[in-house]
C-alpha cells in the first residue's frame, strides 16, 4: 500500500447537489468562512488544491472575487492568507473538478465522498489507500445527495459515527479529515 | 494512565489576552462562527462544556444573546443547534473559567494551553494524560500570550509543527484537537 500523500490530494466543497434540512435538493449560498477556513486547512496539511464547486455563475464570481482580493491588495496585509487562497479554483460542478484535477495531476483522481450519515460500504480511515491523485468531496448544507455520493469511487465513514450528535460544520469536518489522513501524528490511515 | 474522557473536558476560547499580528496584546471581537462551530465540535465529541472568555461586558452580552436565541425561538427551527449551544457559558477571564469548571466537576481542572507556536516543553498528544477534569484553552487572534500560557499547567504541541504553513483557524484547530484526543479512531493519545 502506498502511503497517503497530501500533495496528491485536492478538496472539493460542493454547494449543489446537496440536501437542505427537509432533504430537498438545493444549491447553498457561498459562505466566506468556508472559503477561508478550508483554504487554510488544505494549505496547512500540504494539499494540492481546494476546489469550490457552485452551479450559479454569480456565486462563482463572488468566490473568485474574494480569492482575488487576498491575492492582490489583501496579500500586503496578510501574506499567510494569500498563501492559502492561491490554491483555490472555482468550478461549476464535480465533473469539472474531476477534469481540473486530472489536468493538474496528469491522471484521473480517485474520487472519495464524505458524509455524516452512516451507510453500508463506507470506508474506514485506516482502509483508505492512495495510489495517485485523490479528490475528497465535501458537501455544504445537510450533505451531499445520495446520487452524487453514488457517483464517486468510494465513501468515507462518518466522523464520530457512534456519537449521539453528529453535526460538525463542514469547515470542522474538513479539518479533522485532513488531520486523520495527513496529520503529523502516527499515520493510522496507513498503519 | 487513565483513558481520556471527553465528558470531563471543557474548552475555553480566550479573546484576551491574545496577540495581534504585530504581537501586541489585544482583546479580539467575538466571531459568531467561532461560537457555533466550537459548540458543535464540543457537542459532537461529547465534551462537558464550552466557555467563551471575553473581558468586555458588551461582548459577553452579545455572546449570551446569540446563545439565548438558539435556546429559545431558534431551537424550533434547529434543535441540533440548541443541543450544541446549551453547553456554552460566557465568562470574563480564564480564572473565572477555571472556577466554573471546578464547581461543575467538583475538582479543579488540569489547564492545558494550545498554541500554533513551537516552544520547549510542549506536550505531545500521545503524552497527555487525564485523571480528572481538563480545561483546554484556545486563543483567538494570533494566539494566547506567553504569560497566559505560562500560567497554565501544560501546553500541547502545535498541530502540524513540521508544516511550512501553520495558520489554521481556531475553529479548525479546536476540531482537530478534539478529534485527536477523543475521536473514534484508535485513540493514540492513550496508546
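The values are calculated or read from the model by the stated rules, or taken from the named source; none is laboratory data. Note that the structure is predicted; figures quoted are calculated from it, not measured. All Cβ positions, glycine included, derive from the backbone under ideal geometry; neighbour counts span all protein chains shown.
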Condition (residue is within 14 Å of the chain's Cα centre (by Cα), at pLDDT 95 or above and under 26 Å from residue A:176 (Cβ atoms)) applied to the stretch B:62-73: is it met by at least one residue? no
Is there a residue being touching a strand residue (DSSP E or B) at 6+ places or on another chain (Cβ under 6 Å) and more than 22 Å from residue A:55 (Cα to Cα) anywhere in the stretch A:119-133? yes
Among what's in the stretch B:168-191 and is modelled with pLDDT under 90 and either at the interface with chain A (Cβ under 9 Å from one of its Cβ atoms) or touching a helix residue (DSSP H, G or I) at 6+ places or on another chain (Cβ under 7 Å) (or both), pick the residue that is surrounded by the fewest Cβ atoms within 10 Å (Cβ to Cβ). B:191
Exactly one condition in (1) more than 8 Å from every other protein chain (Cβ to nearest Cβ); (2) modelled with pLDDT under 95; (3) within 23 Å of residue A:6 (Cβ to Cβ) is false for residue B:130; which is it? (3)
Has the stretch A:103-126 got at least one residue that is within 19 Å of residue B:175 (Cβ to Cβ) and within 13 Å of chain B (Cβ to nearest Cβ)? yes
Test residue A:25 against the criterion of being in contact with a strand residue (DSSP E or B) (Cβ under 8 Å, 6 or more places away or on another chain) and within 19 Å of residue A:171 (Cα to Cα), and give yes or no. no
Of all residues in the stretch B:31-42, count the ones that are surrounded by fewer than 24 Cβ atoms within 10 Å (Cβ to Cβ) and either facing chain A (nearest Cβ under 10 Å) or more than 14 Å from the chain's Cα centre (by Cα) (or both). 5
More than 9 Å from every other protein chain (Cβ to nearest Cβ), part of a strand (DSSP E or B) and crowded, with 20+ Cβ neighbours inside 10 Å - does that describe any residue in the stretch A:146-167? yes
Give the residues of the stretch B:75-118 that are within 24 Å of residue A:22 (Cα to Cα) and either surrounded by 14 or more Cβ atoms within 10 Å (Cβ to Cβ) or at pLDDT 95 or above (or both), sorted by residue number. B:75, B:78, B:80, B:81, B:82, B:83, B:84, B:85, B:86
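Could you please give the count of residues in the stretch A:50-88 that are farther than 21 Å from residue A:141 by Cα, more than 14 Å from every other protein chain (Cβ to nearest Cβ) and in contact with a strand residue (DSSP E or B) (Cβ under 6 Å, 6 or more places away or on another chain)?
Of the residues in that region, 1 qualify.
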